[in-house]
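Colleague: Before we start, here is the structure in question, set down as structure tokens.
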Amino acid sequence: MAELQSVESALEALLKDVKAGEVERIDCEAAAGRVLAESVTARLDVPPADNSAMDGYALRQADAGQWLPISQRIAAGHAPDSLAPGTCARIFTGGEIPPGADTVIMQERVEAQDAQAYIPGDITLGDNVRRRGRDVRADTPLLEAGTRLEAAALGHLAGQGITQVGVYRRPRVALLSTGDEIIEPGQSLAPGQIHNSNRPMLSRLLERFGAELVMRKHVADDFATTQRLLREASERADVIVTTGGVSVGEEDHVKHALESLGQLDLWQLAMRPGKPLALGRIGQARLVGLPGNPVSCFVGAWVYLRPLMGALLGCPRMAMLPRLWARAAFTTHTQARRHYMRVGLEFTVEGIVAHAFADQNSAVLSSCLEADALAVVPEHTTLNEGGRVECLWLTD
Ligand code: AMP
Ligand code: MG
């Protein structure tokens, strides 16, 4: 039997020469989840002026320890007047500190009566004042290229008054499932048939990984149809993802159809689940052919498709799965193939514990339901309960 190939070598082949796509300018309103193609420099100080962190009274700290007349009222959103010496200003959270004042005291510590306020003497200069530019300074770097625009980044852009950003175009993906036995949900099963689980599962994962699905088709097990749909996919997509049909069975047509149109490498990987993997090209389109078993698809999507999407999106953080160490709550051993076990993570004060779903067979999709991570048990290893195992965290 030919020697199995390593996951690392397949990943290297997959990611070779992959570059981020074109840049497009879009409204920030529509930019959630997209990846910045350019670094953004702050143009404003945030906050734009000193303001109060509390509902209370603004004053000169040197005036504390006595009754002070309340000379103005400053609500958030209203410009203050200069603070007359020997007076204080009623101020509310977010209200701009009036010129002349240097300190805010919270209202709970102040006794107010007839337009006068008693300010205790023990207050510290600068208390409860949020300084101009404390969060962001104008002309300093705000966000780096390659940042995925999630909640805080979107808030930051808005804080700068920015309405449009340059982002990488989302990779266009065509998803083709194969197999004469596969029918869509909504149709009832005839003998020998099974519903298409891979299509919704991979659609969801690919969307999470930032892809735009431009084609989703099911392909019957015949050469001509497979060839026609692969050609169409190559004209519409940057990446073609197929499921099934890449083993060496007689009904595995993806291989032959792809060879007739472009170039193909069939990998036999030292991993479980998902030994067969097809990597190829038709014209400009890359092809990733995952095995048909839903679990192999799930694992293959995280191990291969996520790094590929990360690279196509110019997002270094997405291009690798975060790794963590956990204690195994199970015992297992491997032979020639590294095992990517589906595990739930329990975060305890003593550390992270990985719980494996009881049935790790590659046809058992239930094992992916509660999977927070893939515990990677290396080749030829015995892992005992309580032992350390490296996990790939399945997180965005
Ligand atoms: P294949 O790689 O085509 O030999 O398929 C391997 C196994 O996965 C077979 O048992 C198929 O029935 C099953 N399978 C293939 N495609 C799908 C799919 N889209 N949804 C659910 N099961 C599938
Ligand atoms: Mg098949």
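The values are calculated or read from the model by the stated rules, or taken from the named source; none is laboratory data. Owing to the predicted nature of the structure, the values given are computational and were not obtained by experimental measurement. Please note: Cβ atoms are built from the backbone with ideal geometry, for glycine as well, and neighbour counts cover all protein chains shown. Ligands, DNA and RNA are stripped out before the accessible areas are found, and what is left, the full protein with its side chains, is counted by its heavy atoms. Shrake-Rupley method; radii C 1.70, N 1.55, O 1.52, S 1.80 Å.
Colleague: If eta is 1.002 mPa s and T is 20 °C, what Stokes-Einstein diffusion coefficient results for the stretch 51-130, Kirkwood Rh from Cα pairs, in µm²/s? Walk me through the numbers on the way to the answer.
Modeller: Numbers: Rh = 11.8 Å.
Rounded, D is 182 µm²/s.
Colleague: Same structure, new question: Relative to 2.2 N^0.38 Å, what does the C-alpha radius of gyration of the chain come to as a ratio? Two decimals please. All intermediate terms of the calculation are to be shown ahead of the outcome.
Modeller: Numbers: Rg = 29.8 Å, N = 396, 2.2 N^0.38 = 21.4 Å.
For the chain, the normalised Cα radius of gyration comes out at 1.40.
Colleague: What number comes out for accessible area per residue over the chain if the probe is 1.4 Å? Units Å², please. Mind showing how you got there, number by number?
Modeller: Details: 19360 Å² over 396 residues.
Result: 49 Å² of accessible area for each residue.
Colleague: Mind checking which of Val248, Val18, Val288 has the largest fluctuation in a GNM of the chain, springs on alpha carbons under 10 Å?
Modeller: Answer for the Gaussian network model of the chain: Val248.
Colleague: Also, quick follow-up: If amide H atoms are built 1.01 Å from N in the plane of the peptide, which residues on other chains or at least 5 residues away come under 5 Å of the amide H of Gln72?
Modeller: Residues meeting the amide H criterion: Arg90.
Colleague: Let me check I've understood the local charge: for Arg134, count other residues with C-beta under 10 angstrom from its C-beta, Lys and Arg +1, Asp and Glu -1. What total comes out? Walk me through the intermediate numbers first.
Modeller: Details: positive: Arg130, Arg131, Arg132, Arg137; negative: Asp45, Asp50, Asp135.
Taking every Cβ under 10 Å from that of Arg134, the sum is +1.
Colleague: Carbon and sulfur together cover what percent of the accessible area of the stretch 323-393 at a 1.4 Å probe radius? Walk me through the numbers on the way to the answer.
Modeller: Working: 1960 of 3880 Å².
Carbon plus sulfur share of accessible area: 50 percent.
Colleague: Taking K and R as +1 and D and E as -1, what net charge do the other residues with C-beta under 15 Å from the C-beta of Ala363 add up to? Before the final figure, lay out the partial values.
Modeller: Numbers: positive: Arg272, Lys275, Arg342; negative: Glu181, Asp359.
With Lys, Arg at +1 and Asp, Glu at -1, the net is +1.
Colleague: Related question: Using 0.36 nm per residue of separation minus the Cα-Cα distance, give me the extension gain between Glu108 and Lys19 in nm, one decimal.
Modeller: Details: separation 89, 0.36 × 89 = 32.04 nm, distance 5.79 nm.
Length gained between Glu108 and Lys19: 26.3 nm.
Colleague: What is the P(r) of the stretch 237-396, as percent of Cα-Cα pairs per 10 Å bin from 0?
Modeller: Spelled out bin by bin, the stretch 237-396 gives 11, 36, 33, 16, 4, 0 percent.
Colleague: Give me the number: length gained by fully extending Gln284 to Glu259, i.e. 0.36 nm times residue separation minus the C-alpha to C-alpha distance, one decimal in nm. Please report the intermediate quantities before stating the final value.
Modeller: Values: separation 25, 0.36 × 25 = 9.00 nm, distance 1.50 nm.
Going from the current span to full extension adds 7.5 nm.
Colleague: Roll a 1.4 angstrom probe over the protein heavy atoms and tell me the percent of accessible area of the stretch 30-145 that is carbon or sulfur.
Modeller: Details: 2830 of 6080 Å².
In the stretch 30-145, the share of accessible area belonging to carbon and sulfur is 46 percent.
Colleague: Turning to a different aspect of this structure: Can you pull the Kirkwood radius for the stretch 323-393, inverse mean 1/r over Cα pairs, to one decimal in Å?
Modeller: After inverting the pairwise mean of 1/r, the radius is 11.9 Å.
Colleague: May I pose another question? Please give the contour-minus-distance gain from Tyr118 to Arg208: 0.36 nm per residue of separation, less the Cα-Cα distance, rounded to one decimal in nm. Please report the intermediate quantities before stating the final value.
Modeller: Working: separation 90, 0.36 × 90 = 32.40 nm, distance 5.68 nm.
Separation in residues times 0.36 nm, less the Cα-Cα distance, equals 26.7 nm.
Colleague: Calculate the length of the line joining the C-alpha centroid of the stretch 266-294 to that of the stretch 82-127, in whole Å.
Modeller: Measuring centre to centre over Cα atoms gives 68 Å.
Colleague: Let me ask another. For the residue pair Arg323 and Asp81, what label-to-label distance in nm results when each label sits 7 Å from Cα along the Cα-to-beta-carbon direction?
Modeller: 6.6 nm
Colleague: Something else: Counting Lys +1, Arg +1, Asp -1, Glu -1, what net charge surrounds Val389 among other residues with beta carbon under 13 Å of its beta carbon?
Modeller: Numbers: positive: Arg323, Arg327, Arg338, Arg342, Arg388; negative: Glu385, Glu390.
Result for the local shell: +3.
Colleague: Still on this structure: Accessible area of the stretch 210-309 with a 1.4 Å probe: how many percent of it is carbon plus sulfur? Walk me through the numbers before you get to the answer.
Modeller: On the way: 1570 of 3490 Å².
Roughly 45 percent, rounded to a whole number.
Colleague: Relative contact order of the stretch 323-393, please, whole-number percent, based on alpha carbon pairs below 8 angstrom and at least 6 residues apart.
Modeller: Values: 163 pairs, mean separation 34.6, N = 71.
After rounding, I find 49 percent.
Colleague: A further question follows. I'd like the projected area of the stretch 108-213, averaged over all directions, using the convex hull of its alpha carbons. Report it in nm² with one decimal.
Modeller: Working: hull surface 62.9 nm².
Averaging across all directions leaves 15.7 nm² for the Cα convex hull.
Colleague: Setting aside same-chain residues fewer than 8 positions from Lys19, which aspartates and glutamates have a Cα under 18 Å from its Cα?
Modeller: Counting by Cα, and skipping residues close in sequence, Lys19 has these aspartates and glutamates nearby: Glu38, Glu144, Glu212, Asp238.
Colleague: Averaged across orientations, what area in nm² does the convex hull of the alpha carbons in the stretch 136-280 project? Could the numbers behind the result be given before it?
Modeller: Values: hull surface 50.9 nm².
Taking the Cα atoms of the stretch 136-280, their convex hull projects to 12.7 nm² on average.
Colleague: Another question, then. What fraction of the DSSP beta bridges in the chain is antiparallel, stated in percent and rounded to the nearest 5?
Modeller: On the way: 60 of 88 bridges.
For the chain, the DSSP antiparallel bridge percentage is about 70.
Colleague: Treat each spin label as a single point 7 Å out from the Cα along the C-beta direction, and report the Glu8 to Ser39 distance in nm.
Modeller: Calculated label separation equals 3.2 nm.
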